[in-house]
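Report on the following structure.
The values are calculated or read from the model by the stated rules, or taken from the named source; none is laboratory data. Just so it is clear, the model here is predicted, and its values are computed rather than measured. Here the Cβ positions follow ideal geometry from the backbone for every residue, glycine too, while neighbour counts run over all protein chains shown.
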């Protein structure tokens with residue numbers, strides 16, 4: 001399976017913003033953006049002016065990297081968004097928000113989306129009481145995501161939950177009292193998407 005194996009901090013520097021790809025490190029002064037806020041590479045400090053297609057491409061790359069999806073996955077998701085009723089750009093962001101790995105991260109069970117994907121693939125969470133090991137599953141309203149009983153003492157999960165308590169969960173999700181079960185109480189709206197992106201530019205890019 002193809003995946004990005006280089007330093008993810010380079011991706012944040014390339015986009016010129018925090019994509020929160022390394023969990024708690026992104027909230028500390030060790031974050032690459034805090035220390036070297038310029039694109040990686042020999043000519044990184046020479047910021048070239050981006051116009052037209054370049055602006056559209058950067059918006060797409062930003063969203064892909066934020067949610068941790070590859071080009072083929074992103075194109076498939078965009079196709080689904082086009083076939084849905086409503087605004088294509090908002091549909092796209094809603095589908096990406098409802099990926100299981102993103103929901104697990106949003107609930108605070110994982111410190112990053114990459115860690116959430118690992119937990120899902122290793123069978124630490126269930127979806128509606130059933131085992132699931134596919135991070136790209138799109139969850140619907142009413143879906144219940146639970147950390148398995150035997151995994152609740154996993155140090156990665158407990159550390160992520162402790163760190164996430166101060167940040168809370170989005171309005172379209174809810175946590176149970178014991179903090180090991182979450183529910184999708186509503187479909188995410190445009191204002192629930194925290195990544196600063198102009199989704200209209202992505203639609204324009206794929207419409208060419």
Condition check: assigned to a strand (DSSP E or B) and either assigned by TED's automatic domain parsing to the domain that holds residue 87 or touching a residue at least 40 places away in the same chain (Cβ under 8 Å) (or both). Does residue 200 satisfy that? no
When you go through 152, 117, 106, 167 one by one, which is the residue that is in contact with a strand residue (DSSP E or B) (Cβ under 8 Å, 6 or more places away or on another chain) and either surrounded by fewer than 17 Cβ atoms within 10 Å (Cβ to Cβ) or under 21 Å from residue 64 (Cβ atoms) (or both)? 106
Check residue 199 against each of (1) surrounded by 14 or more Cβ atoms within 10 Å (Cβ to Cβ); (2) touching a strand residue (DSSP E or B) at 6+ places or on another chain (Cβ under 8 Å) and name the one condition it does not meet. (2)
